[in-house]
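What follows is a short report on a single structure.
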Amino acid sequence: MFSIIIPVKEINDYIIKNLSIINNLDYQNFEILVLPNDTDDTSKKLLKTYKKLRIISTGRIGPGEKRDYGAKKANGEVLVFLDDDSYPNLDLLSVAKETFKNKNIIAIGGPGITPNDSQFWERVSGAVYLSKFSGGNPERYLSVGKIKEIDDWPSVNLMVRKKHFLNINGFDSKFWPGEDTLFSLKLKKAYPKNSFKYIPNLIVWHHRRKGLLRHIKQNFAYGLHRGYFAKVYPETSLRIIYFIPSLFFLFNILTILNFKIDMFSEFFVLCWLIYIINMFIALFQINKIEGFLVSLNSIYYIYLTHITYGLAFILGLFKKDLQSSLR
């Protein structure tokens, strides 16, 4: 019933570990398609170990293109998209099977939660997204809330009926990141009514970036693409929530200038007070999930994430063209 599709540049430690977990899923009617640029000796060993596995070399193409290629090769009724650094909860396919009994549902997505055994700085990176006061969409990173309609979901935990996927020509995008945003938009345009659902207990575990620089680089790429998409794909990207970090970035610039011209002092104090209060709320929520040390270290991660994303979003707005891919 299910084809699990994992794009990857090369066979890595994450894939080797995650295949052993996928092999033990509690619903066994599935196949696995891993899509590296090229195969190697490790690929041959994995194929001997896992009978449900197919490893298909794709050459140097981007993640969206790899997923499209895998979808055409897949035998399953439902395509399950994971990243190479994510692995499913053991009941993932059982939850999906029950959900897809509703014939009106075409696609579903669930949270990508930071694994419990992650290294400390991975947990700090993941903590940024655990509160709506710090990251905006905690349901993408926590199993929270109720089943609801969605129109934009990351491909780290995304499932689509193969027939409908092929009907809209799949991802059909060289963008990275952002290919999943464009796919979600195409899906909602083709099937607008109650077809794309968030399922809170459809869980995968997703490793975060190790170290501040990698975290910042990732969020800069997110902001750059979202800014560009806000201009060219406004249906799901021209939303106030995506502009807030840019307003905060500009406010920081004005604050620096204010020290020189000494104008609107009370206004700046009030705005900073609001930001600090929001930070305290976010840290309180993060502390309940990750503990004191992680929440304490997340303070500067959150601030720098807001600044970086905000700057990148502005740059994206002024980009005449943006074609990027990870290969």
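Couple of notes before you dig in:
- The set of residues in segment 179-203 being open to solvent by less than 10 Å² (accessible area, probe 1.4 Å) and in a loop (DSSP other than H, G, I, E, B) consists of 195, 199, 202.
- Test: residue in segment 188-199 that is at pLDDT 95 or above and out of contact with any Phe, Trp or Tyr (no Cβ under 9 Å at 6 or more places or on another chain): yes
- Residues that are closer than 15 Å to residue 35 by Cβ and hydroxyl-bearing (Ser, Thr, Tyr) within segment 55-104 comprise 57, 58, 69, 86, listed in sequence order.
- Filtered residue count, segment 169-178, keeping only those that are open to solvent by 70 Å² or more (accessible area, probe 1.4 Å) and of a type in the set (Ser, Thr, Tyr): 0
- Residue count for segment 122-168 under the criterion of being open to solvent by 50 Å² or more (accessible area, probe 1.4 Å) and either under 15 Å from the mean Cα position of the chain (by Cα) or farther than 23 Å from residue 230 by Cα (or both): the result is 10.
The values are calculated or read from the model by the stated rules, or taken from the named source; none is laboratory data. This structure is a prediction, so every number in the text was calculated from the model and none was measured. Glycine also receives a Cβ, built like all others from the backbone with ideal geometry; neighbour counts cover every protein chain displayed. All accessible areas refer to the heavy atoms of the entire protein, side chains included, with ligands and DNA or RNA removed. Shrake-Rupley method; radii C 1.70, N 1.55, O 1.52, S 1.80 Å.
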